[in-house]
1. Taking residue 171 as the anchor, which lysines have their alpha carbon closer than 17 Å to its alpha carbon, excluding any fewer than eight residues away along the same chain?
2. List the lysines whose alpha-carbon lies under 23 Å from that of residue 28, not counting same-chain residues fewer than 8 positions away?
3. Where in the chain is the longest stretch that carries no chymotrypsin sites (Phe, Trp or Tyr not before Pro) classed as loop by DSSP and with at most 14 other Cβ atoms within 10 Å?
4. Using 0.36 nm per residue, how much length does the chain from residue 166 to residue 252 gain when fully extended, once their Cα-Cα distance is taken away?
5. Each residue of the range 234-242 in turn: what ³J(HN,Hα) in whole Hz from Karplus with 6.51, -1.76, 1.60 and θ = phi - 60°, glycine and Pro shown as x?
6. With only Lys, Arg, Asp and Glu charged, each at its Cβ (+1 for the first two, -1 for the last two), find how big the charge dipole of the range 133-211 is about the Cα centre; round to the nearest 20 debye.
7. What residues qualify as long-range amide H neighbours of residue 153, i.e. H under 5 Å apart, gap of 5 or more or another chain, H built at 1.01 Å from N?
8. Label residue 259 and residue 120 with points 7 Å out from Cα along Cα→Cβ: what is the distance between them in nm?
Amino acid sequence: MDLIQAIIIAIIEGITEFLPISSTAHMKFANPFLGIADTPFVDLFEIVIQLAAIGSIVVIYYKRFFNFKHYSFYLKLIVAVIPALVFGALLKKHIDAALNNLWIIAIVMVAGGVLLLFIDKLFNKPAVETEELTYKQSFVVGCFQVLSIIFPGLSRSAATIIGGMSQKLTKKTAAEFSFFLAVPTMLAASAKSTLDVYQDHPEVFSNDNLLTLLIGAVVAFMVALISVKFFIQFVQKKGFALFGWYRIVLGLTIMALLYTKYL
C-alpha cells in the first residue's frame, strides 16, 4: 500500500464509517480496484483508520464524553459493548474468513439494504431519549451490534441504529447512541488487532508504515467530522431508504463483477 492508496482508503473510511452502508465493505471492495493486496499491514491499517474516524465522535460530543457527573452514561456503554467483546472473541475465525469473502459481503450488503427500505415504517413511534435509555435497552442495542460482527457488510452503524429504533429511540438518538457505542467497541478491536499483528508480524511496524498509519488516521478523522454532521441532518429529514437503495445497487454491482470475473 502506497501513500496515495492509503489516503484514498482513509477518505472512503471517513465518509462511510457512520453511514449505514458498511465502511468495511467499501474498503474491501475498493482494495482490488486500487491494486491493494490483502496483507497484515492492510488489515491493521483498516482497523486503525476506523478508530481514528470514530475518534471524531469524542471531539464532536466532547461535553457528553467528559461529563463525569453522569456516570450511568459510561456504564450503559460498557453494558452495550459486552456482547461484541464476547462474540468477537468466540467467532474470530468465522469473522476473519467472512471478511475475506467478497460474495458474503456483497450479499449482506443487499440484504441490509432491503431492510433499510422499511426501517422508517417498522419503527415509526419513537419515545426514548438517550439519557432515559435503560441498561436493558443498552444491552439490546449491543446485541444488535453483534450482527454486524457475524455478518460483515451489514454495517455496525446500521445494526445498532436499527437496534436503537427497535427500542423506541428517535432516529437522531439511535444514531448518536450508535456513535457513542463505536468508541469502546473500536478501542477494544484496535487494541486486539494491533497486539495480534505485533506478535505475528513485528516487521509491519516499520517507520514508513507507521507514517502511513498516521497520515491515514488524520485523513479519516478529518473526513469523519464532516460525515457525522451530514448523516444526522440527513436521516432526520429523509430517513434511511436512500441508503437502502444505495446498498442494493452497490451489492448487486459487486456480485455481477465477481460473477463475470472482473473482480
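Bear in mind these aren't lab numbers, they're just calculated from the coordinates by the rules spelled out. Being a predicted model, the structure only gives us computed values, none of them experimental. With ideal geometry, Cβ positions are generated from the backbone for all residues, glycine too; neighbour counts draw on all protein chains shown.
1. Output for residue 171: 121, 125, 229, 237, 238.
2. 92, 93, 192, 261
3. Answer - 72-204.
4. Difference between extended and current length: 28.2 nm.
5. 5, 5, 5, 8, 10, x, 10, 4, 4
6. Magnitude of the dipole: close to 680 debye.
7. Amide H neighbours of residue 153: 25.
8. Each label point lies 7 Å from its Cα, and together they span 3.0 nm.
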